[in-house]
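Asker: Okay, here's the structure, questions in a sec.
The values are calculated or read from the model by the stated rules, or taken from the named source; none is laboratory data. Predicted, not measured: the structure shown is a model, and the values here were computed from it. Backbone-built Cβ (ideal geometry, glycine too); neighbour counts: all protein chains shown.
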Amino acid sequence: MINKYAVILAAGQGTRMKSKLYKVLHPVMGRPMVQHIVDQLQALKLNKMVTVVGVGADQVKEQLGDITDYVVQEQQLGTGHAVLQVEPLLKNAHGMTIVVCGDTPLLTKETLDALFEHHLQAEAQVTVLTTTINDPTGYGRIIRDQQGHVAKIIEQKDANQDQLLIKEINTGTYCFDNQFLFEALNHVTNDNNQGEYYLPDVIEIAQKQGRKVTAFQTADPNETLGVNDRVALATAEKLMKQRINEQHMRNGVTIIDPDHTYIAPSVKIAPDVIIEPGSIIKGDSYIGSQTVIGPNSEVEDCKIGESTEIAHSVAHQSDIGSHVKIGPFAHIRPATQINDQVKVGNFVEVKKSTINKGSKVSHLSYIGDTEIGTNVNVGCGTITVNYDGENKYKTTIEDNVFIGCNANLVAPVTIGQGALVAAGSTINKDVPAEALSIARAKQENKANYAKKFNKLLK
Ligand code: UD1
Ligand code: CA
């Protein structure tokens with residue numbers, strides 16, 4: 001087995017992004033660009049992965065962790081100079097080395113694997129991944145000789161009028177014989193319009209030394225998009241969204257309007273789920289079969305069971321069971337557990353609470369730091385009063401309790417099993433099981449007083 005290595009270039013500031021955030025950390029479908037690349041490379045079972053970092057070194061390291069080795073490029077003197085920084089780590093290695101840019105988030109493991117394979121079959125020293133696009137502006141152009149062999153790569157800023165017309169571009173992804181790469185890099189100069197050490201110059205060096213250079217052309221130019229500015233970032237977002245949505249649809253998920261549905265790469269969805277327009281599903285979410293998400297719902301890091309409905313609602317970091325109805329306009333905040341057959345209706349906010357099987361909180365309530373048993377009915381407008389300005393306290397509502405409308409449950413408080421709380425009550429003492437609790441001022445009706453009062457006003 002031949003050794004396989006990868007170098008990820010991620011030291012550039014990304015001036016064209018005009019951002020405080022380091023370029024390769026800009027997210028595409030919620031995941032930093034460089035993380036997408038690393039995810040794909042990880043699947044290739046490499047002997048070693050090295051990431052070249054610069055100004056934003058700490059943030060990149062924090063993002064990628066120890067899945068890759070790192071070298072620091074103190075000054076960004078060009079892509080050739082960047083790869084040269086890896087020399088101490090890889091110089092003595094034998095095998096094939098893929099170099100990729102941290103700003104090409106759409107590259108797939110299939111293409112990278114095919115690049116290794118092509119390089120191996122061709123017995124080449126250098127293989128450059130190229131593609132043909134209608135608007136090659138900004139990319140390096142592939143210059144071929146009369147026999148059609150790749151002779152060199154000319155950067156946009158160094159190209160003459162004729163060269164600018166060439167539509168075959170350098171995708172910024174290459175496969176090299178590792179030994180040859182580091183030997184050739186030492187011959188790269190910065191004699192060009194940008195005063196930079198260009199990695200693509202290795203191709204011309206290889207040609208001149210009579211080494212074998214090949215091009216591997218990918219048919220899908222979308223995959224090799226390089227993100228240099230926010231316009232390209234939006235394009236990447238669109239393409240990635242489309243790719244993810246199509247994968248789910250092929251797996252049996254109905255997406256009513258794929259252009260307006262955002263599903264993060266890490267999300268898992270069972271077949272026969274329906275996703276209505278305007279929905280966003282993020283993080284490590286799982287959606288069970290027959291569930292309907294949306295329209296206009298946001299789900300992040302949630303595990304959702306089967307045949308549940310979440311309409312016009314927001315749910316974060318929570319577990320939601322099967323046959324649950326949520327919304328419209330509900331807000332499920334972190335650390336909530338909603339069990340099977342529960343209903344959380346309109347304008348209900350639930351935070352760090354458990355609602356057990358068959359219970360209902362149908363309208364206009366705040367449920368925080370609360371444990372609700374089974375078959376409880378929480379009346380419209382009920383508030384768990386969990387916060388005194390300093391500390392948070394717990395409310396416990398046991399099985400089969402009925403809470404009337406507009407009750408305040410001042411925590412810490414327990415409503416015992418089967419108890420009734422009268423509408424409008426402010427409860428600040430525990431209610432025993434099976435009791436009826438009324439805590440409100442007694443009503444007094446003053447005969448004809450309204451008439452008198454109105455006269456007085458006139
Ligand atoms: C580069 C290629 C160009 C190719 C295009 C594909 C060069 C000279 N040009 O151009 O032929 O068509 O990618 O997208 O290689 N970086 C460093 N250190 C540096 C400079 C850059 O780590 O000193 C990193 C950047 O973070 C980035 C990558 O290298 O991830 C590419 O750099 P960038 O400036 O975006 O190159 P392009 O102008 O896009
Ligand atoms: Ca680029």
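Asker: Can you list residue pairs whose Cβ atoms sit under 8 Å apart, with the first residue in segment 320-331 being aromatic (Phe, Trp, Tyr) and the second being surrounded by fewer than 19 Cβ atoms within 10 Å (Cβ to Cβ)? Count only pairs 6 or more apart in sequence or on different chains.
Answerer: Between residues of segment 320-331 that are aromatic (Phe, Trp, Tyr) and residues that are surrounded by fewer than 19 Cβ atoms within 10 Å (Cβ to Cβ), the close pairs are Phe329/His312; Phe329/Asn346; Phe329/Phe347.
Asker: Looking at Thr214 and the list (1) β-branched (Val, Ile, Thr); (2) assigned to a loop (DSSP other than H, G, I, E, B); (3) within 27 Å of Leu106 (Cα to Cα), which single condition is not satisfied?
Answerer: Single failed check for Thr214: (2).
Asker: Shifting gears a bit: For segment 216-266, enumerate the residues that are of a type in the set (D, E, K, R), surrounded by fewer than 18 Cβ atoms within 10 Å (Cβ to Cβ) and at pLDDT 95 or above.
Answerer: Asp229, Arg230, Lys238, Arg243, Glu246, Arg250, Asp257, Asp259
Asker: Just the residues that are out of contact with any helix residue (DSSP H, G or I) (no Cβ under 9 Å at 6 or more places or on another chain), assigned to a loop (DSSP other than H, G, I, E, B), over 12 Å from Ser322 (Cβ atoms) and aliphatic (A, V, I, L, M), please, taken from segment 260-312.
Answerer: Listed by number, the list holds a single entry, Ala311.
Asker: Sticking with this structure for a sec: Is it fair to say Gly379 is in contact (Cβ under 8 Å) with a residue 40 or more places away in the chain, within 27 Å of Ser322 (Cα to Cα) and crowded, with 21+ Cβ neighbours inside 10 Å?
Answerer: Values: in contact (Cβ under 8 Å) with a residue 40 or more places away in the chain: yes; within 27 Å of Ser322 (Cα to Cα): yes; crowded, with 21+ Cβ neighbours inside 10 Å: yes.
For Gly379, the condition - in contact (Cβ under 8 Å) with a residue 40 or more places away in the chain, within 27 Å of Ser322 (Cα to Cα) and crowded, with 21+ Cβ neighbours inside 10 Å - is met.
Asker: Okay, next question. Please go through segment 217-234 and give me each residue that is part of a loop (DSSP other than H, G, I, E, B) and within 16 Å of ligand 2 (Cβ to nearest atom), ordered by number. Reasoning before the result, please.
Answerer: If we filter segment 217-234 for residues that are part of a loop (DSSP other than H, G, I, E, B), which is where we start, we get 218-220, 225-229.
Hits for segment 217-234 are Leu225, Gly226, Val227, Asn228, Asp229.
Asker: If Met49 satisfies all but one of (1) under 26 Å from Tyr139 (Cβ atoms); (2) part of a strand (DSSP E or B); (3) within 13 Å of ligand 1 (Cβ to nearest atom), what's the number of the condition it fails?
Answerer: Exception for Met49: condition (3).
Asker: Tell me, which residue of segment 66-82 that is of a type in the set (Gly, Ala, Ser) and touching an Asp or Glu at 6+ places or on another chain (Cβ under 8 Å) is nearest to Ala11 (Cα to Cα)?
Answerer: Checked segment 66-82; the qualifying residue nearest to Ala11 (Cα to Cα) is Gly78.
Asker: Oh, and also: Report those helices (runs of 4 or more DSSP H) wholly inside segment 66-182 carrying at least 2 residues which are in the same structural domain as Arg211 (by TED's automatic domain parsing) and within 16 Å of ligand 2 (Cβ to nearest atom).
Answerer: Of the helices (runs of 4 or more DSSP H) lying wholly inside segment 66-182, those with at least 2 residues that are in the same structural domain as Arg211 (by TED's automatic domain parsing) and within 16 Å of ligand 2 (Cβ to nearest atom) span 79-84.
Asker: Oh, and also: Applying the selection to segment 235-249, what residues are away from ligand 2 (no atom under 16 Å from the Cβ) and β-branched (Val, Ile, Thr)?
Answerer: Across segment 235-249, the qualifying residue is only Ile244.
Asker: Looking at Lys392, Lys352, Lys429, which one is more than 30 Å from Gln317 (Cβ to Cβ) and surrounded by fewer than 19 Cβ atoms within 10 Å (Cβ to Cβ)?
Answerer: Result: Lys429 is the single residue among Lys392, Lys352, Lys429 that is more than 30 Å from Gln317 (Cβ to Cβ) and surrounded by fewer than 19 Cβ atoms within 10 Å (Cβ to Cβ).
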